[in-house]
Amino acid sequence: MRSFLILFKNELKLNIRNMNMVIFAIIMPVIVQLIIGMLNGTNPAFEGAGYTFMELSFGALCTISICAGGLMGLPILVAEYRERKILKRFQVTPVSPIKLLTVELTIYILYCFLSMISLFITSKLFWKLSVQGSWLGFLASWILTMISTFSVGMMVGGLAKNSKTASIYASFLYFPMLVFSGTTFPYELMPVGVQKIVRLFPITQGIQLMKAAFLGLPLDNIFLSVVVMGMITLICTGIAVRYFKWE
Amino acid sequence: MQEVIKVEHMSKSYGNLLAVDNINLSVKRGTVYGLLGANGAGKSTTIECILGTRKGDTGFISVLGYNPRKDRRRLFENVGVQFQESHYQLEIKVSELCEEIACLYKSPADWRELCTKFGIGNKINNAVKSLSGGERQRLFIVLALIPNPELVFLDELTTGLDVKARRVVWKILMDLKKTGITIFLTSHFMDEVEALCDEICILKKGKTVFYGTVEEAKKLTDCEKFEDAYLMLAGEEANANEVFFNTI
(Lines give C-alpha, C1' and ligand atoms only; values in the text may rest on other atoms or scores of the structure.)
Protein backbone atom coordinates (compact mmCIF):
# COMPACT_ATOMS: atom_id res chain seq x y z
CA MET A 1 0.00 0.00 0.00
CA ARG A 2 2.88 2.33 0.87
CA SER A 3 4.48 1.76 -2.52
CA PHE A 4 1.12 2.35 -4.20
CA LEU A 5 0.79 5.74 -2.51
CA ILE A 6 4.35 6.82 -3.34
CA LEU A 7 3.95 5.80 -6.98
CA PHE A 8 0.57 7.51 -7.07
CA LYS A 9 1.95 10.75 -5.64
CA ASN A 10 4.89 10.93 -8.05
CA GLU A 11 3.00 9.81 -11.14
CA LEU A 12 0.26 12.33 -10.36
CA LYS A 13 2.86 15.10 -10.08
CA LEU A 14 4.28 14.11 -13.47
CA ASN A 15 0.81 14.02 -14.96
CA ILE A 16 -0.05 17.49 -13.68
CA ARG A 17 3.32 18.82 -14.88
CA ASN A 18 2.34 17.58 -18.34
CA MET A 19 -0.88 19.72 -18.19
CA ASN A 20 -2.73 17.82 -20.96
CA MET A 21 -5.24 16.27 -18.63
CA VAL A 22 -5.68 19.45 -16.61
CA ILE A 23 -6.72 21.18 -19.82
CA PHE A 24 -8.76 18.45 -21.49
CA ALA A 25 -10.36 16.84 -18.44
CA ILE A 26 -10.80 19.71 -15.99
CA ILE A 27 -10.84 23.03 -17.86
CA MET A 28 -12.47 21.99 -21.14
CA PRO A 29 -15.65 20.48 -19.61
CA VAL A 30 -16.20 23.67 -17.61
CA ILE A 31 -15.81 25.78 -20.74
CA VAL A 32 -18.35 23.66 -22.63
CA GLN A 33 -20.62 23.99 -19.62
CA LEU A 34 -20.23 27.78 -19.56
CA ILE A 35 -21.20 27.94 -23.23
CA ILE A 36 -24.28 25.77 -22.67
CA GLY A 37 -25.14 27.83 -19.63
CA MET A 38 -24.80 31.14 -21.44
CA LEU A 39 -26.95 29.93 -24.32
CA ASN A 40 -29.67 28.30 -22.28
CA GLY A 41 -29.47 29.66 -18.76
CA THR A 42 -32.06 28.05 -16.54
CA ASN A 43 -34.60 27.56 -19.32
CA PRO A 44 -36.33 24.21 -19.49
CA ALA A 45 -34.77 21.73 -21.91
CA PHE A 46 -37.76 22.06 -24.22
CA GLU A 47 -41.29 23.45 -23.88
CA GLY A 48 -43.06 21.78 -21.02
CA ALA A 49 -40.02 19.89 -19.78
CA GLY A 50 -39.70 19.55 -16.04
CA TYR A 51 -35.93 20.00 -16.14
CA THR A 52 -33.45 22.53 -17.54
CA PHE A 53 -31.17 22.01 -20.50
CA MET A 54 -28.24 22.10 -18.08
CA GLU A 55 -29.73 19.24 -16.10
CA LEU A 56 -30.30 17.32 -19.31
CA SER A 57 -26.66 17.77 -20.33
CA PHE A 58 -25.01 17.17 -16.96
CA GLY A 59 -24.29 13.48 -17.56
CA ALA A 60 -22.90 14.20 -21.02
CA LEU A 61 -20.62 16.94 -19.62
CA CYS A 62 -19.24 14.44 -17.13
CA THR A 63 -18.19 12.14 -19.96
CA ILE A 64 -15.84 14.71 -21.51
CA SER A 65 -13.23 13.97 -18.86
CA ILE A 66 -13.94 10.25 -19.12
CA CYS A 67 -13.24 10.41 -22.87
CA ALA A 68 -10.11 12.51 -22.37
CA GLY A 69 -8.74 10.21 -19.68
CA GLY A 70 -9.82 6.85 -21.00
CA LEU A 71 -9.43 7.35 -24.72
CA MET A 72 -6.52 9.78 -24.88
CA GLY A 73 -4.56 10.07 -21.63
CA LEU A 74 -4.43 6.48 -20.48
CA PRO A 75 -3.66 4.64 -23.75
CA ILE A 76 -1.05 7.18 -24.84
CA LEU A 77 0.63 7.11 -21.44
CA VAL A 78 0.83 3.31 -21.33
CA ALA A 79 2.14 3.15 -24.91
CA GLU A 80 4.64 5.92 -24.23
CA TYR A 81 5.94 4.23 -21.09
CA ARG A 82 6.43 1.08 -23.10
CA GLU A 83 8.11 2.89 -26.00
CA ARG A 84 10.43 4.87 -23.73
CA LYS A 85 11.26 1.57 -21.97
CA ILE A 86 10.07 2.87 -18.64
CA LEU A 87 8.00 -0.27 -18.26
CA LYS A 88 11.13 -2.28 -18.98
CA ARG A 89 12.86 -0.51 -16.09
CA PHE A 90 9.98 -1.53 -13.87
CA GLN A 91 10.20 -5.06 -15.20
CA VAL A 92 13.56 -5.52 -13.46
CA THR A 93 12.09 -4.52 -10.09
CA PRO A 94 9.71 -6.57 -7.92
CA VAL A 95 6.65 -4.46 -8.84
CA SER A 96 3.62 -6.23 -10.34
CA PRO A 97 2.24 -4.88 -13.62
CA ILE A 98 -1.24 -4.77 -12.11
CA LYS A 99 -0.06 -2.39 -9.39
CA LEU A 100 1.54 -0.07 -11.95
CA LEU A 101 -1.55 0.00 -14.16
CA THR A 102 -3.80 0.53 -11.15
CA VAL A 103 -1.73 3.55 -10.12
CA GLU A 104 -2.18 5.14 -13.55
CA LEU A 105 -5.85 4.19 -13.64
CA THR A 106 -6.44 5.80 -10.25
CA ILE A 107 -4.93 9.05 -11.48
CA TYR A 108 -7.38 9.23 -14.38
CA ILE A 109 -10.27 8.29 -12.11
CA LEU A 110 -9.28 11.20 -9.88
CA TYR A 111 -9.39 13.60 -12.85
CA CYS A 112 -12.87 12.39 -13.79
CA PHE A 113 -14.05 12.75 -10.23
CA LEU A 114 -12.65 16.28 -9.92
CA SER A 115 -14.26 17.19 -13.22
CA MET A 116 -17.66 15.97 -12.06
CA ILE A 117 -17.37 17.87 -8.79
CA SER A 118 -16.31 21.09 -10.49
CA LEU A 119 -19.13 20.81 -13.02
CA PHE A 120 -21.59 20.22 -10.22
CA ILE A 121 -20.40 23.19 -8.21
CA THR A 122 -20.47 25.65 -11.11
CA SER A 123 -23.88 24.54 -12.30
CA LYS A 124 -25.24 24.63 -8.77
CA LEU A 125 -23.88 28.16 -8.29
CA PHE A 126 -24.89 29.66 -11.61
CA TRP A 127 -27.79 27.62 -12.93
CA LYS A 128 -29.47 26.17 -9.83
CA LEU A 129 -28.90 22.62 -10.92
CA SER A 130 -30.80 20.03 -8.94
CA VAL A 131 -30.84 16.27 -9.12
CA GLN A 132 -34.34 15.26 -10.02
CA GLY A 133 -33.72 11.55 -9.92
CA SER A 134 -31.31 9.55 -7.83
CA TRP A 135 -27.77 10.60 -6.96
CA LEU A 136 -26.83 7.02 -6.27
CA GLY A 137 -28.19 5.84 -9.60
CA PHE A 138 -26.28 8.63 -11.30
CA LEU A 139 -23.03 7.74 -9.52
CA ALA A 140 -23.43 4.06 -10.35
CA SER A 141 -23.95 4.89 -14.04
CA TRP A 142 -21.01 7.28 -13.96
CA ILE A 143 -18.74 4.60 -12.49
CA LEU A 144 -19.89 2.02 -15.01
CA THR A 145 -19.32 4.43 -17.90
CA MET A 146 -15.88 5.30 -16.63
CA ILE A 147 -14.78 1.72 -16.06
CA SER A 148 -15.97 0.54 -19.47
CA THR A 149 -14.34 3.49 -21.27
CA PHE A 150 -11.09 3.02 -19.35
CA SER A 151 -11.03 -0.65 -20.26
CA VAL A 152 -11.11 0.38 -23.93
CA GLY A 153 -8.18 2.70 -23.23
CA MET A 154 -6.23 -0.03 -21.43
CA MET A 155 -6.74 -2.33 -24.41
CA VAL A 156 -5.57 0.30 -26.89
CA GLY A 157 -2.55 1.15 -24.73
CA GLY A 158 -1.76 -2.54 -24.48
CA LEU A 159 -2.02 -3.28 -28.19
CA ALA A 160 -0.47 -0.15 -29.70
CA LYS A 161 3.14 -0.55 -30.78
CA ASN A 162 4.20 2.94 -29.76
CA SER A 163 2.76 6.20 -28.57
CA LYS A 164 2.25 7.42 -32.12
CA THR A 165 0.02 4.51 -33.12
CA ALA A 166 -1.66 4.73 -29.72
CA SER A 167 -2.55 8.36 -30.34
CA ILE A 168 -3.87 7.50 -33.82
CA TYR A 169 -6.07 4.70 -32.44
CA ALA A 170 -7.05 6.98 -29.58
CA SER A 171 -8.13 9.77 -31.95
CA PHE A 172 -10.23 7.27 -33.92
CA LEU A 173 -12.05 6.42 -30.72
CA TYR A 174 -12.00 9.79 -28.98
CA PHE A 175 -13.45 12.04 -31.66
CA PRO A 176 -16.34 9.84 -32.84
CA MET A 177 -17.27 9.11 -29.25
CA LEU A 178 -17.05 12.76 -28.32
CA VAL A 179 -19.14 13.87 -31.28
CA PHE A 180 -21.60 11.03 -31.81
CA SER A 181 -22.28 9.55 -28.42
CA GLY A 182 -24.28 12.48 -27.15
CA THR A 183 -21.48 14.23 -25.33
CA THR A 184 -21.70 17.33 -27.44
CA PHE A 185 -24.60 16.59 -29.78
CA PRO A 186 -27.86 15.08 -28.46
CA TYR A 187 -28.24 11.42 -29.34
CA GLU A 188 -31.98 11.86 -29.92
CA LEU A 189 -31.39 14.24 -32.82
CA MET A 190 -29.21 11.81 -34.79
CA PRO A 191 -30.48 9.80 -37.75
CA VAL A 192 -31.71 6.34 -36.79
CA GLY A 193 -28.91 4.64 -38.75
CA VAL A 194 -26.23 6.50 -36.86
CA GLN A 195 -28.03 5.85 -33.59
CA LYS A 196 -27.82 2.12 -34.21
CA ILE A 197 -24.04 2.25 -34.61
CA VAL A 198 -23.22 4.63 -31.80
CA ARG A 199 -25.38 2.58 -29.47
CA LEU A 200 -22.38 0.24 -29.22
CA PHE A 201 -20.18 2.95 -27.72
CA PRO A 202 -19.97 2.55 -23.98
CA ILE A 203 -20.20 6.33 -23.68
CA THR A 204 -23.54 6.43 -25.52
CA GLN A 205 -25.02 3.86 -23.18
CA GLY A 206 -23.46 5.58 -20.21
CA ILE A 207 -24.90 8.97 -21.11
CA GLN A 208 -28.37 7.49 -21.54
CA LEU A 209 -28.11 5.84 -18.13
CA MET A 210 -26.72 8.93 -16.41
CA LYS A 211 -29.32 11.15 -18.00
CA ALA A 212 -32.18 8.92 -16.92
CA ALA A 213 -30.85 8.55 -13.38
CA PHE A 214 -30.13 12.26 -13.02
CA LEU A 215 -33.54 13.38 -14.31
CA GLY A 216 -35.48 10.55 -12.72
CA LEU A 217 -36.85 9.43 -16.09
CA PRO A 218 -37.92 5.86 -16.73
CA LEU A 219 -35.51 3.96 -18.96
CA ASP A 220 -36.85 0.87 -20.66
CA ASN A 221 -33.57 -0.60 -21.85
CA ILE A 222 -31.52 -0.15 -18.69
CA PHE A 223 -30.63 -3.82 -18.92
CA LEU A 224 -29.24 -3.39 -22.44
CA SER A 225 -27.04 -0.45 -21.37
CA VAL A 226 -25.59 -2.35 -18.46
CA VAL A 227 -24.98 -5.42 -20.60
CA VAL A 228 -23.25 -3.44 -23.38
CA MET A 229 -20.96 -1.66 -20.92
CA GLY A 230 -20.31 -4.81 -18.90
CA MET A 231 -19.41 -6.81 -22.00
CA ILE A 232 -17.07 -4.10 -23.28
CA THR A 233 -15.35 -3.94 -19.89
CA LEU A 234 -14.89 -7.71 -19.73
CA ILE A 235 -13.63 -8.13 -23.29
CA CYS A 236 -11.29 -5.13 -23.29
CA THR A 237 -9.85 -5.83 -19.84
CA GLY A 238 -9.34 -9.45 -20.85
CA ILE A 239 -7.46 -8.44 -23.99
CA ALA A 240 -5.43 -5.81 -22.09
CA VAL A 241 -4.34 -8.32 -19.44
CA ARG A 242 -3.75 -11.15 -21.91
CA TYR A 243 -1.59 -9.06 -24.23
CA PHE A 244 0.20 -6.93 -21.64
CA LYS A 245 3.82 -6.46 -22.64
CA TRP A 246 6.58 -4.71 -20.72
CA GLU A 247 8.41 -3.98 -23.92
CA MET B 1 32.79 -20.27 -4.01
CA GLN B 2 29.10 -19.95 -4.66
CA GLU B 3 27.69 -19.52 -8.16
CA VAL B 4 25.51 -16.45 -8.50
CA ILE B 5 24.71 -16.75 -12.19
CA LYS B 6 24.66 -20.03 -14.07
CA VAL B 7 23.89 -20.27 -17.77
CA GLU B 8 24.04 -23.54 -19.67
CA HIS B 9 23.65 -24.07 -23.41
CA MET B 10 21.69 -20.89 -23.94
CA SER B 11 20.71 -19.98 -27.50
CA LYS B 12 18.51 -17.27 -28.91
CA SER B 13 17.71 -16.39 -32.50
CA TYR B 14 15.75 -13.60 -34.12
CA GLY B 15 14.22 -15.08 -37.25
CA ASN B 16 17.16 -16.51 -39.18
CA LEU B 17 19.78 -14.66 -37.19
CA LEU B 18 21.36 -16.69 -34.41
CA ALA B 19 22.12 -13.94 -31.89
CA VAL B 20 23.37 -16.15 -29.08
CA ASP B 21 24.74 -19.59 -29.84
CA ASN B 22 25.05 -22.19 -27.09
CA ILE B 23 26.59 -20.00 -24.40
CA ASN B 24 27.75 -21.25 -20.99
CA LEU B 25 28.51 -18.85 -18.15
CA SER B 26 29.25 -19.09 -14.49
CA VAL B 27 29.68 -16.08 -12.22
CA LYS B 28 30.97 -16.54 -8.69
CA ARG B 29 29.82 -14.55 -5.70
CA GLY B 30 31.76 -11.39 -4.95
CA THR B 31 33.52 -11.21 -8.31
CA VAL B 32 33.38 -8.76 -11.18
CA TYR B 33 32.48 -10.46 -14.42
CA GLY B 34 32.94 -8.82 -17.81
CA LEU B 35 31.01 -9.76 -20.91
CA LEU B 36 32.86 -8.43 -23.95
CA GLY B 37 32.41 -8.35 -27.68
CA ALA B 38 31.88 -6.05 -30.64
CA ASN B 39 28.55 -4.33 -31.23
CA GLY B 40 26.10 -6.97 -32.36
CA ALA B 41 28.12 -9.83 -30.85
CA GLY B 42 25.16 -10.76 -28.64
CA LYS B 43 26.03 -9.07 -25.34
CA SER B 44 22.75 -7.29 -24.80
CA THR B 45 20.72 -10.33 -25.84
CA THR B 46 22.71 -12.44 -23.38
CA ILE B 47 22.07 -9.99 -20.54
CA GLU B 48 18.40 -9.73 -21.41
CA CYS B 49 18.00 -13.51 -21.44
CA ILE B 50 19.77 -13.77 -18.08
CA LEU B 51 17.45 -11.10 -16.66
CA GLY B 52 14.43 -12.79 -18.18
CA THR B 53 13.32 -9.67 -20.06
CA ARG B 54 13.80 -11.78 -23.19
CA LYS B 55 13.03 -15.45 -23.51
CA GLY B 56 15.89 -17.66 -24.64
CA ASP B 57 15.05 -20.38 -27.18
CA THR B 58 16.88 -23.13 -25.35
CA GLY B 59 19.12 -23.58 -22.33
CA PHE B 60 19.11 -23.34 -18.56
CA ILE B 61 19.44 -20.06 -16.68
CA SER B 62 19.64 -19.58 -12.95
CA VAL B 63 20.28 -16.28 -11.15
CA LEU B 64 20.70 -16.36 -7.34
CA GLY B 65 19.06 -19.75 -7.58
CA TYR B 66 15.94 -18.40 -9.26
CA ASN B 67 14.50 -18.90 -12.71
CA PRO B 68 14.38 -15.26 -13.88
CA ARG B 69 11.20 -15.67 -15.91
CA LYS B 70 9.22 -17.58 -13.31
CA ASP B 71 10.48 -15.92 -10.13
CA ARG B 72 10.81 -12.39 -11.44
CA ARG B 73 9.45 -10.62 -8.37
CA ARG B 74 11.54 -12.56 -5.86
CA LEU B 75 14.71 -12.33 -7.94
CA PHE B 76 14.61 -8.57 -8.43
CA GLU B 77 14.21 -7.97 -4.73
CA ASN B 78 18.01 -8.65 -4.64
CA VAL B 79 19.24 -7.61 -8.07
CA GLY B 80 20.00 -4.13 -9.39
CA VAL B 81 20.05 -3.37 -13.11
CA GLN B 82 21.37 -0.53 -15.21
CA PHE B 83 20.41 -0.80 -18.86
CA GLN B 84 22.56 0.44 -21.70
CA GLU B 85 20.25 3.35 -22.34
CA SER B 86 18.74 5.04 -19.38
CA HIS B 87 14.97 5.08 -19.27
CA TYR B 88 13.01 7.56 -17.24
CA GLN B 89 9.87 9.65 -17.42
CA LEU B 90 10.40 12.82 -19.43
CA GLU B 91 9.85 15.44 -16.74
CA ILE B 92 10.87 13.42 -13.69
CA LYS B 93 13.18 14.81 -11.00
CA VAL B 94 16.04 12.90 -9.39
CA SER B 95 14.24 12.67 -6.05
CA GLU B 96 11.04 11.43 -7.68
CA LEU B 97 12.81 8.76 -9.70
CA CYS B 98 14.73 7.53 -6.65
CA GLU B 99 11.59 7.52 -4.54
CA GLU B 100 9.62 5.57 -7.15
CA ILE B 101 12.30 2.90 -7.37
CA ALA B 102 12.96 2.73 -3.63
CA CYS B 103 9.31 2.20 -2.73
CA LEU B 104 9.19 -1.04 -4.72
CA TYR B 105 11.55 -2.91 -2.38
CA LYS B 106 11.00 -4.38 1.05
CA SER B 107 14.20 -2.98 2.56
CA PRO B 108 15.74 -0.42 0.21
CA ALA B 109 18.92 1.54 0.81
CA ASP B 110 18.65 5.21 1.75
CA TRP B 111 18.73 6.85 -1.68
CA ARG B 112 19.62 10.29 -0.31
CA GLU B 113 22.71 8.80 1.27
CA LEU B 114 23.62 7.02 -1.97
CA CYS B 115 23.17 10.24 -3.97
CA THR B 116 25.45 12.10 -1.56
CA LYS B 117 28.01 9.29 -1.68
CA PHE B 118 28.07 9.43 -5.46
CA GLY B 119 28.34 13.20 -5.59
CA ILE B 120 24.86 14.08 -6.81
CA GLY B 121 23.42 14.90 -3.41
CA ASN B 122 22.97 18.53 -4.41
CA LYS B 123 21.08 17.56 -7.58
CA ILE B 124 18.13 15.71 -6.12
CA ASN B 125 15.67 18.49 -6.92
CA ASN B 126 16.85 18.77 -10.52
CA ALA B 127 15.16 17.18 -13.51
CA VAL B 128 16.96 14.00 -14.58
CA LYS B 129 17.21 15.30 -18.14
CA SER B 130 19.11 18.37 -16.93
CA LEU B 131 21.97 16.29 -15.47
CA SER B 132 25.27 15.95 -17.28
CA GLY B 133 26.26 12.59 -18.78
CA GLY B 134 28.48 11.71 -15.83
CA GLU B 135 25.91 12.73 -13.27
CA ARG B 136 23.23 10.73 -15.01
CA GLN B 137 25.40 7.61 -15.09
CA ARG B 138 26.08 8.03 -11.38
CA LEU B 139 22.35 8.40 -10.80
CA PHE B 140 21.80 5.12 -12.64
CA ILE B 141 24.36 3.41 -10.43
CA VAL B 142 22.43 4.79 -7.45
CA LEU B 143 19.21 3.36 -8.88
CA ALA B 144 20.87 -0.04 -9.39
CA LEU B 145 22.06 0.03 -5.77
CA ILE B 146 18.78 1.11 -4.18
CA PRO B 147 17.61 -2.52 -3.77
CA ASN B 148 20.65 -3.25 -1.55
CA PRO B 149 21.44 -5.91 -4.15
CA GLU B 150 23.61 -8.99 -3.97
CA LEU B 151 24.16 -8.70 -7.69
CA VAL B 152 24.21 -5.75 -10.12
CA PHE B 153 24.10 -5.72 -13.90
CA LEU B 154 25.81 -2.74 -15.51
CA ASP B 155 25.46 -2.56 -19.29
CA GLU B 156 28.02 -0.23 -20.87
CA LEU B 157 28.00 1.98 -17.83
CA THR B 158 30.89 4.20 -18.93
CA THR B 159 30.04 4.62 -22.62
CA GLY B 160 29.76 8.31 -23.40
CA LEU B 161 31.67 9.47 -20.32
CA ASP B 162 34.85 11.54 -20.39
CA VAL B 163 38.09 10.12 -18.99
CA LYS B 164 37.72 11.71 -15.59
CA ALA B 165 34.13 10.66 -15.11
CA ARG B 166 35.10 7.16 -16.16
CA ARG B 167 37.78 7.02 -13.48
CA VAL B 168 35.27 8.19 -10.88
CA VAL B 169 32.92 5.36 -11.88
CA TRP B 170 35.77 2.83 -11.68
CA LYS B 171 36.57 3.96 -8.18
CA ILE B 172 32.94 3.51 -7.23
CA LEU B 173 32.89 0.00 -8.67
CA MET B 174 36.13 -0.95 -6.89
CA ASP B 175 34.63 0.22 -3.59
CA LEU B 176 31.45 -1.69 -4.32
CA LYS B 177 33.38 -4.84 -4.98
CA LYS B 178 34.95 -4.58 -1.53
CA THR B 179 31.48 -4.73 0.00
CA GLY B 180 31.09 -8.23 -1.42
CA ILE B 181 28.61 -7.40 -4.14
CA THR B 182 28.77 -9.35 -7.41
CA ILE B 183 29.03 -7.21 -10.54
CA PHE B 184 28.19 -8.31 -14.07
CA LEU B 185 29.22 -5.72 -16.63
CA THR B 186 29.72 -5.12 -20.32
CA SER B 187 32.18 -2.61 -21.64
CA HIS B 188 34.02 -1.47 -24.75
CA PHE B 189 36.98 -0.10 -22.78
CA MET B 190 39.69 -2.69 -22.28
CA ASP B 191 41.64 -0.63 -19.73
CA GLU B 192 38.50 -0.64 -17.66
CA VAL B 193 38.02 -4.38 -18.04
CA GLU B 194 41.62 -5.01 -17.10
CA ALA B 195 41.31 -2.83 -14.01
CA LEU B 196 38.01 -4.24 -12.79
CA CYS B 197 37.20 -7.72 -14.01
CA ASP B 198 38.14 -10.98 -12.29
CA GLU B 199 36.80 -13.04 -15.14
CA ILE B 200 35.76 -12.29 -18.68
CA CYS B 201 33.87 -13.87 -21.52
CA ILE B 202 34.38 -12.68 -25.09
CA LEU B 203 31.58 -13.14 -27.58
CA LYS B 204 31.89 -13.16 -31.32
CA LYS B 205 28.80 -13.50 -33.51
CA GLY B 206 26.91 -15.03 -30.61
CA LYS B 207 29.56 -17.63 -29.76
CA THR B 208 31.96 -17.73 -26.82
CA VAL B 209 35.51 -17.34 -28.16
CA PHE B 210 37.27 -16.86 -24.85
CA TYR B 211 36.48 -17.57 -21.24
CA GLY B 212 38.84 -16.93 -18.31
CA THR B 213 40.91 -14.16 -16.72
CA VAL B 214 42.55 -11.16 -18.38
CA GLU B 215 45.99 -12.66 -17.71
CA GLU B 216 44.99 -15.92 -19.35
CA ALA B 217 43.78 -14.01 -22.40
CA LYS B 218 47.13 -12.22 -22.70
CA LYS B 219 49.07 -15.46 -22.26
CA LEU B 220 46.93 -17.33 -24.77
CA THR B 221 47.42 -14.73 -27.48
CA ASP B 222 50.97 -13.86 -26.54
CA CYS B 223 50.08 -10.19 -26.31
CA GLU B 224 51.45 -7.73 -23.80
CA LYS B 225 48.48 -5.45 -23.89
CA PHE B 226 45.05 -6.79 -23.11
CA GLU B 227 43.50 -4.64 -25.83
CA ASP B 228 45.57 -6.46 -28.46
CA ALA B 229 44.63 -9.79 -26.95
CA TYR B 230 40.98 -8.80 -27.04
CA LEU B 231 41.13 -7.70 -30.66
CA MET B 232 42.80 -10.92 -31.64
CA LEU B 233 40.30 -13.07 -29.76
CA ALA B 234 37.24 -11.12 -30.80
CA GLY B 235 38.48 -11.29 -34.38
CA GLU B 236 38.33 -7.56 -34.72
CA GLU B 237 42.01 -7.08 -35.44
CA ALA B 238 41.90 -8.14 -39.09
CA ASN B 239 38.92 -5.92 -39.71
CA ALA B 240 40.41 -3.03 -37.81
CA ASN B 241 43.60 -3.18 -39.85
CA GLU B 242 41.66 -3.48 -43.06
CA VAL B 243 39.63 -0.40 -42.24
CA PHE B 244 42.78 1.43 -41.21
CA PHE B 245 44.63 0.65 -44.43
CA ASN B 246 41.63 1.35 -46.58
CA THR B 247 41.27 4.78 -45.13
CA ILE B 248 44.89 5.87 -45.62
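If we scan the range B:165-172, do we find a residue that is among the aromatic types (F, W, Y), away from chain A (no Cβ under 14 Å) and not in a loop (DSSP other than H, G, I, E, B)?
Checked the range B:165-172: at least one residue is among the aromatic types (F, W, Y), away from chain A (no Cβ under 14 Å) and not in a loop (DSSP other than H, G, I, E, B).
Taking the range B:52-66 only, how many residues are loosely packed, with under 14 Cβ neighbours inside 10 Å and either modelled with pLDDT of 95 or more or closer than 11 Å to B:K6 by Cβ (or both)?
Number of matching residues: 2.
Scan the range A:138-196 residue by residue and report those that are among the aromatic types (F, W, Y) and touching a residue at least 24 places away in the same chain (Cβ under 8 Å).
Residues satisfying the conditions are A:F138, A:W142, A:F150, A:Y169, A:Y174, A:F180.
What single numbered condition from (1) more than 12 Å from the chain's Cα centre (by Cα); (2) open to solvent by less than 10 Å² (accessible area, probe 1.4 Å); (3) not small (G, A, S) fails to hold for B:M174?
Just one mismatch for B:M174, condition (2).
Give, as residue ranges, the strands (runs of 3 or more DSSP E) completely inside the range B:30-134 that count at least 2 residues that are in contact (Cβ under 8 Å) with a residue 24 or more places away in the chain and more than 10 Å from chain A (Cβ to nearest Cβ).
The strands (runs of 3 or more DSSP E) meeting that bar are B:32-37, B:58-63.
Go through the range A:17-42 and give me each residue that's in contact with a Phe, Trp or Tyr (Cβ under 6 Å, 6 or more places away or on another chain) and open to solvent by 30 Å² or more (accessible area, probe 1.4 Å).
Across the range A:17-42, the qualifying residues are A:N40, A:T42.
Quick check: is even one residue across the range A:127-140 in contact with a helix residue (DSSP H, G or I) (Cβ under 9 Å, 6 or more places away or on another chain), among the basic types (K, R) and open to solvent by 50 Å² or more (accessible area, probe 1.4 Å)?
Looking through the range A:127-140, at least one residue is in contact with a helix residue (DSSP H, G or I) (Cβ under 9 Å, 6 or more places away or on another chain), among the basic types (K, R) and open to solvent by 50 Å² or more (accessible area, probe 1.4 Å).
The values are calculated or read from the model by the stated rules, or taken from the named source; none is laboratory data. Since the model is a prediction, treat every value here as computed from it, not as a measurement. Cβ: placed from backbone, ideal geometry, glycine included. Neighbour counts: every protein chain shown. Areas reflect the complete protein model, heavy atoms only, side chains present, ligands, DNA and RNA absent. Shrake-Rupley method; radii C 1.70, N 1.55, O 1.52, S 1.80 Å.
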